[in-house]
Each structure stands twice: as C-alpha cells, then as structure tokens.
Amino acid sequence: MSKITKFFSRLLIISIIVCILFVFVSCNKNKGEQEVINYLSNPNATQEAKDLYNFLRATYGHKIISGQQESTWITEDYEFDYIYDCTGKYPAIRGLDFINDDFDGVIDRAKKWHQRGGIVTICWHCSSSFDKGYEESQNSALTKEQWEVMLTEGTPEYTAMIEGMDKAGAALAKLQEANIPVLWRPFHEFDGWWFWWGQGIEDVEDHFKAIWRIMYNRYTNDLHLNNLIWVLGYSEYCDTRGVDTYYPGDEYCDIVGADSYFTTTYGAEERLYEAVNEVNKSKKPMAMHENGYLPTAEEFEEVPWVWFMTWHTNYLVDENTTEALNALYNSEYVITLEDIQNR
C-alpha cells in the first residue's frame with residue numbers, strides 16, 4: 001500500500017471516529033442545554049419580564065427553580081412556613097390563583113412576595129362566566145353551540161366573555177404598574193376533561209386555541225399587559241391526547257410544560273417532557289407547573305424542567321416527607337428564594 005493510500009485510509013478512519021463521537025455527544029446532550037428562543041412572544045415586553053425570562057433561559061438545563069402554590073385559608077403563608085421549618089429555605093416561586101374573584105388578595109400577596117425577591121405565577125380557576133371558583137370551573141361546561149356564539153365577535157356572549165377576562169386583566173395591570181412580571185398560566189390542564197375550557201365536546205381543541213388567542217390578543221394588544229410571560233400548561237395525560245392539536249402557536253406562549261400527580265410512579269416525568277417537546281421542539285423553556293409528590297434532585301437533573309411547583313396543603317404535607325423536602329431544597333441543583341433575592 002502506498003504512502004498516499006495509507007494517508008487517506010487513516011484520514012477516513014479518523015473521520016468515521018469523529019462522526020461517531022459527534023452523534024454520541026448529540027444524543028446524550030442534556031435536553032435542557034439546547035438553545036431556546038431568546039425573546040418573548042410580546043415584542044413590547046417590559047424590562048422586568050425580559051429579565052425574568054432571561055433568568056429562566058439561563059437556568060434551564062442547569063438547575064431547577066423551586067415553587068409552591070399557596071392556599072391561604074389556614075394561614076397566609078402556611079405552605080411557605082412549613083417548607084422553611086423543614087428545610088431552612090423558602091421556594092423561589094409563589095403560585096397564586098384568582099379563584100373566587102380574589103383579585104385584590106392576589107395583588108397584595110404578589111406584591112409582598114415580589115418585595116422579598118420572589119417570582120410570581122398566577123392561574124385562574126373560574127366558571128365559563130369568568131367568576132366563582134373551583135367547583136364552577138368543572139361544572140359550567142359549554143355546548144358546541146354556546147362555544148361558537150361566545151367566540152363570535154359582536155355577539156352579547158362575546159362581549160360578556162371579554163368583560164369577564166378584563167377582570168383579571170385589571171388586576172394584572174396593577175402588578176404591571178408595580179413593575180412586577182408575572183408567569184401567567186390561564187386555562188391550565190386544557191387537554192384534560194375536567195375544566196370547562198377542555199371538557200370533551202367535538203372540536204374542543206379548536207375552541208381552546210381560539211379562546212387562548214383571544215385572551216392573548218386582548219391582554220397584549222388592547223390592554224397592553226406587557227409584564228406577562230405566557231405559560232401553556234398541559235395535563236398529566238398529554239402524552240396520550242395529541243399535544244399538537246391543542247398548541248395555539250409559538251407566537252402565543254413563552255413557556256410550555258405539564259402538570260403531574262403521577263410522580264410517585266413516573267418520577268420527574270420524562271414521558272411528559274418528551275411529549276410536550278414534540279410540539280415545543282426545544283424552542284422554549286419547559287416547566288412542571290404542578291405536582292404533589294416531589295421527585296429527587298437527581299431525578300430532576302435527568303429531566304431538566306426549568307421549575308417545579310408543588311400544589312398546596314395535603315399535596316405538600318402528606319405526600320412528601322420532611323427528610324425528602326430537606327434534601328431537595330438543600331440540593332445545589334435547586335434554586336430557592338435565598339438564591340435569587342440578590343440576583
């Protein structure tokens with residue numbers, strides 16, 4: 001074999017080895033380390049919203065931000081004091097809810113949490129008339145005809161829907177005036193069958209996408225709520241229900257993810273991460289918006305959600321041991337309130 005032939009043979013072997021290594025590294029790269037879009041869907045987003053989104057982007061795939069939903073009916077800070085007593089730390093994110101038209105209370109508690117350096121996320125359990133609470137959010141289903149009339153601009157039902165949405169819009173505007181960015185998570189678990197915005201009638205997916213886009217455009221273009229980071233939250237069944245059929249579009253959301261109360265079985269829920277990423281395509285950070293039992297820090301490292309948020313009362317207290325909470329909140333992988341107070 002000539003020297004030239006030997007040279008090209010070695011070069012071919014080296015090229016093959018490099019290709020194999022490249023494929024191996026690509027396949028084993030941490031999912032969260034993939035580049036995500038560096039801008040919000042709203043081009044007029046406030047600097048505070050941009051700063052928060054950049055923090056989420058920088059965190060995604062490297063650490064996970066701790067979060068806790070409030071209850072308030074025991075004491076205002078029941079869950080947060082419980083976590084501190086168990087761990088010596090507070091969660092970074094406080095979950096609030098406009099449920100039962102608690103707009104003034106949510107505004108007050110959101111401001112207090114922000115003043116402590118914390119992050120605010122808000123959802124809204126409401127009826128199809130955009131009022132009342134949890135029971136009505138499940139028992140005020142619309143017929144196909146009612147959906148179509150409500151979604152038709154110019155009808156009295158459409159006007160009533162906009163007026164209902166504007167109640168929350170006015171509350172969110174007060175937070176914008178206070179320079180507080182909000183992780184806004186409306187119509188959560190929309191692919192489930194329990195809330196009116198997702199209950200199983202024909203074409204419910206199209207109706208959901210329509211009402212999501214109406215709210216987005218109303219809040220963004222008409223009310224100029226530029227402090228919102230739009231959070232699209234699938235349910236724990238999204239891996240079986242066709243994530244793409246519910247997706248309103250990249251231009252209508254900033255964070256995507258899923259809720260799960262099956263973490264005792266599935267840990268950090270790689271099945272949901274993979275399902276949601278089929279439509280996300282690694283464009284946006286992904287979050288575990290609700291959970292009961294908490295996976296370990298090691299499990300979260302394997303499935304790199306950007307944050308978790310444990311649901312309130314017994315979901316926190318009964319489903320998690322104090323030892324597990326202490327280990328998680330004191331892990332270097334977990335970001336707590338103390339870690340972000342001076343960011």
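The values are calculated or read from the model by the stated rules, or taken from the named source; none is laboratory data. Source: prediction; values computed, not measured. Cβ placement follows ideal geometry from the backbone for every residue including glycine, while neighbour counts extend to all protein chains displayed.
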Subset of the range 328-339 [part of a helix (DSSP H, G or I) and surrounded by fewer than 19 Cβ atoms within 10 Å (Cβ to Cβ)] | Glu338, Asp339
Just one of Lys132, Lys167 is over 30 Å from Val306 (Cβ atoms) and among the basic types (Lys, Arg); which is it?
-> Lys132
Apart from one, (1) of a type in the set (D, E, K, R); (2) over 25 Å from Cys123 (Cβ atoms); (3) not in a helix (DSSP H, G or I) all hold for Glu290; the odd one out is (2)
From the list Glu319, Glu323, Glu301, pick out the single residue that is among the acidic types (Asp, Glu) and closer than 23 Å to Arg57 by Cβ.
-> Glu301
Looking for whichever is free of Cβ contacts under 8 Å to residues at least 60 places away in the same chain, surrounded by fewer than 20 Cβ atoms within 10 Å (Cβ to Cβ) and small (Gly, Ala, Ser) here; the options are Gly292, Gly257. Which one fits?
-> Gly292
Given Lys63, Lys132, which one is surrounded by fewer than 19 Cβ atoms within 10 Å (Cβ to Cβ) and in the same structural domain as Trp230 (by TED's automatic domain parsing)?
-> Lys132
Look at Tyr53 and say whether it is under 17 Å from Ile93 (Cα atoms) and either at pLDDT below 95 or aromatic (Phe, Trp, Tyr) (or both).
-> yes
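Let's see how each residue does on (1) touching an Asp or Glu at 6+ places or on another chain (Cβ under 8 Å); (2) farther than 24 Å from Met161 by Cβ:
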{"site": "Asn221", "(1), (2)": "no, no"}
{"site": "Leu225", "(1), (2)": "no, no"}
{"site": "Asp244", "(1), (2)": "yes, yes"}
{"site": "Tyr273", "(1), (2)": "no, yes"}
Hey, can you tell me all the residues within the range 302-327 that are assigned to a loop (DSSP other than H, G, I, E, B) and within 15 Å of Tyr78 (Cβ to Cβ)?
-> Trp311, His312, Thr313, Asp318, Asn320
Quick one: would you say Cys238 is at pLDDT below 95, within 15 Å of the chain's Cα centre (by Cα) and crowded, with 18+ Cβ neighbours inside 10 Å?
-> yes
On the given criteria, is Trp311 buried (at least 23 other Cβ atoms within 10 Å of the Cβ), closer than 22 Å to Pro91 by Cα, at pLDDT 95 or above and of a type in the set (Phe, Trp, Tyr)?
-> no
